[in-house]
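We did not get these values from a lab; they are worked out from the coordinates using the rules stated. Given the structure is predicted, the values throughout are model-derived calculations rather than measurements. Here the Cβ is made from the backbone with ideal geometry for all residues, glycine too, and neighbour counts use every protein chain on show.
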Amino acid sequence: MAKIDWYDQFVDLKYKPAKDDIVVLFYFEPPAGMSKKESAGRIASESSTGTWTTLTKLPPRIKKLSATAFKMDGNYLKVAYPAGLWENGNMAQLLSGIAGNIFGMKGVKNLRLIDAKLPKSYLNSFKGPQYGMQGIRKMMGIKKRPLTGAVVKPKIGFSASEHAKIGYETWLGGFDFVKDDENLTSQKFNRFEERVKILTRLRDKAEKETGEKKSAFFNITAETEEMKRRAKLVADAGWNYVMVDIVVTGTSAVQTMTDYCRDLGLAIHAHRAMHASFTRNAKHGMTMQFLAKTMRVLGVNNIHTGTAVGKLVGSKEEVSALADVLREKKTKAKKNLILEQDWGNMKTVFPASSGGLHPGLVPDVMDIYGNEMVLLISGGIHGHPKGTRDGAAATMQAIDAVMEGISLKEKAKKNKELAWALKKWGHHKPK
Ligand code: CAP
Ligand code: MG
């Protein structure tokens, strides 16, 4: 009786990956009644050239393009994918292969894509970030300290002029960026054009008064042609950043916008709203580490990476692994968290730490990230007893304290804004 399936041809525990193979690390659990080997064969087959049954016609090329499950270590599986499977420069196609049908197979009870090691030949088919962290620091005139920003809060509901005034207060308190929230775009009460126009005027005022470069992350999230229109409007008003919600807009829209913004001299701040729908479950979906890797390859300049101590999930280990993916020239492997990755000349990306932060938590976050990050404190400045400007000032004082190597308590003795912040929040870790 002819064999009904050929999954076993996609498993070879003696296989040594070729230099230009893409190697993917998965966490997997076979369903009851199926061996790990049978499940591994299904993963490698369905994400490359196979299907559920043996086929009558099979040109010799197929074997060369087929993936190989080559290493199993408990519930961790490595699969090697020949270079010929992938279209250079097409990130969406990579995801439709290694992060496509396989999540829905009955041949796995759980499956999580942890990381993929991209060979130079594939990596070089993408442009990556146009500025890198050093380029952004140069653009903003900030040599060492973390860059700072705040979302106007409540996240939705202010008019454009009310929004802009809070932004001005944020800048006068010493912050670098005023950020739109992920779900603020161009609603009736706060039209995008209006917001840009008023903030442009107040930016010039704030720069004159402070002598510092001030910027904003305008959320251009929309249909792609509309995103281009909004990006152009922002660039024409002399700004250097826009923000894109990279999960809800999608991989190809992000690829379009990084190219379009490159030509406009605009950096992209990547918000990751919706990521937790597939990154949060430790047994199924995809890690934030891999999502962050795809975004560095596509060329965003900052991306949200969590706080470990704030209101949103993400462990200290995951947060520091994420920082390694974004900031290193050669990312070292961390067992079952990230694979090694030689980034060649691809520039770096700022991790953005945000979510439930306030001045009292600045040392905790800087302990994880050091200075090379964008620190976003929003409710944690607008909720300051003396208002936004003092909230921002309190945060800058907390950053200074960490960089001077003194405690916040010590610093607060001569900095009343910080003292007020500690009086309200202390070291509170929001849930
Ligand atoms: C934070 C925030 C950010 C989250 C996103 C919010 O505000 O603006 O969107 O940080 O999460 O809407 O919650 P607060 P992440 O500072 O007031 O909490 O950074 O994990 O992607
Ligand atoms: Mg937000």
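Taking 7 Å along the Cα-to-C-beta vector as the label spot, tell me the K213-D400 distance in nanometres, rounded to one decimal.
Between K213 and D400, the label points sit 2.2 nm apart.
For D259 and S315 in one chain, what is 0.36 nm times their gap in residues minus the Cα-Cα distance, to one decimal in nm? Could you put the intermediate results ahead of the total?
Details: separation 56, 0.36 × 56 = 20.16 nm, distance 3.25 nm.
Separation in residues times 0.36 nm, less the Cα-Cα distance, equals 16.9 nm.
Dipole magnitude of segment 7-123 about its Cα centre, charges +1 at Lys/Arg Cβ and -1 at Asp/Glu Cβ only, in debye to the nearest 20?
On the way: 17 positive and 10 negative charges, 47 e Å.
About 220 debye.
Rg (Å, one decimal) plus Dmax (Å, integer) for the alpha carbons of segment 322-426?
16.4, 48
Looking at this model, which pairs from K153/K311; K293/K335; K78/K334; K232/K293; K3/K57; K143/K330 are more than 19 angstrom apart at the alpha-carbon? It would help to have the intermediate numbers written out before the result.
Details: K153/K311 16 Å; K293/K335 17 Å; K78/K334 15 Å; K232/K293 27 Å; K3/K57 15 Å; K143/K330 23 Å.
The answer is K232/K293; K143/K330.
Taking 0.36 nm per residue of separation and subtracting the Cα-Cα distance, what length does fully extending D367 through K329 add? Could the numbers behind the result be given before it?
Numbers: separation 38, 0.36 × 38 = 13.68 nm, distance 2.12 nm.
Stretched out fully, the D367 to K329 stretch lengthens by 11.6 nm.
For segment 183-264, take every pair of Cα atoms, bin their distances at 10 Å starting from 0, and report each bin as a whole percent.
17, 49, 27, 6, 0
Quick one: if the Förster radius is 41 Å, what FRET efficiency do K188 and E29 give, using the C-beta to C-beta distance and rounding to 0.05?
On the way: r = 48 Å, r/R0 = 1.17.
The formula returns an efficiency of 0.30 here.
If you fit an axis through the alpha-carbon atoms of helix 224-236 and take the longest principal axis of the Cα set of the chain, what angle between them do you get, 0 to 90°, nearest 10?
Helix 224-236 and the main axis of the chain meet at about 40 degrees.
Mind checking the angle between helix 36-46 and the chain's longest principal axis? C-alpha axes, 0 to 90 degrees, to the nearest 10.
Approximately 80 degrees, to the nearest 10.
Among T251, I368, H284, pick out the residue whose Cα is farthest towards the positive end of the charge dipole of the chain, where Lys and Arg carry +1 and Asp and Glu carry -1 on C-beta, about the Cα centre.
So the residue we want is I368.
Which percent of the Cα-Cα distances in the chain go past 43 Å?
Numbers: 17690 of 92665 pairs.
Percent of Cα pairs beyond 43 Å in the chain: 19.
Which trypsin sites (Lys or Arg not before Pro) from segment 99-159 combine a DSSP loop assignment with at most 15 other Cβ atoms within 10 Å?
Working: sites: K106, K109, R112, K117, K120, K127, R137, K138, K143, K144, K155; in loops: K106, K109, K127, K143, K144, K155.
Of the trypsin sites (Lys or Arg not before Pro), the ones in loops of segment 99-159 whose Cβ has at most 15 other Cβ atoms within 10 Å are K106, K109, K143, K144, K155.
On the principal axes of its Cα set, how long, how wide and how thick is segment 56-182? Give whole Å, largest value first.
Computed over segment 56-182, the largest-to-smallest principal extents equal 70, 34, 31 Å.
Convex hull over the Cα atoms of segment 135-191, averaged projected area in nm²? Can you show the working numbers first?
Numbers: hull surface 17.9 nm².
Reported value for the Cα convex hull: 4.5 nm².
Using only Cα atoms, what Kirkwood radius does segment 7-123 have, in angstroms? List each step's numbers first, then the result.
Values: mean 1/r = 0.0704 Å⁻¹.
The Cα-based Kirkwood calculation yields 14.2 Å.
In deg cm²/dmol, rounded to 500, what helix-only [θ] at 222 nm does the chain give when every DSSP H run of at least 4 residues adds -39500 (n - 2.57) and the total is split over its residues?
Numbers: 18 runs with 171 residues, N = 431.
Helices in the chain give a 222 nm mean residue ellipticity of -11500 deg cm²/dmol.
Residues with amide H under 5 Å of N219's amide H, sequence separation 5 or more or different chain, H placed in the peptide plane at 1.01 Å from N; which?
HN-HN under 5 Å from N219: D180, M243.
Residues of segment 363-382 with the amide nitrogen closer than 16 Å to a label point 7 Å from the Cα of K409, along Cα-to-Cβ, please.
Answer for this model: 363-364.
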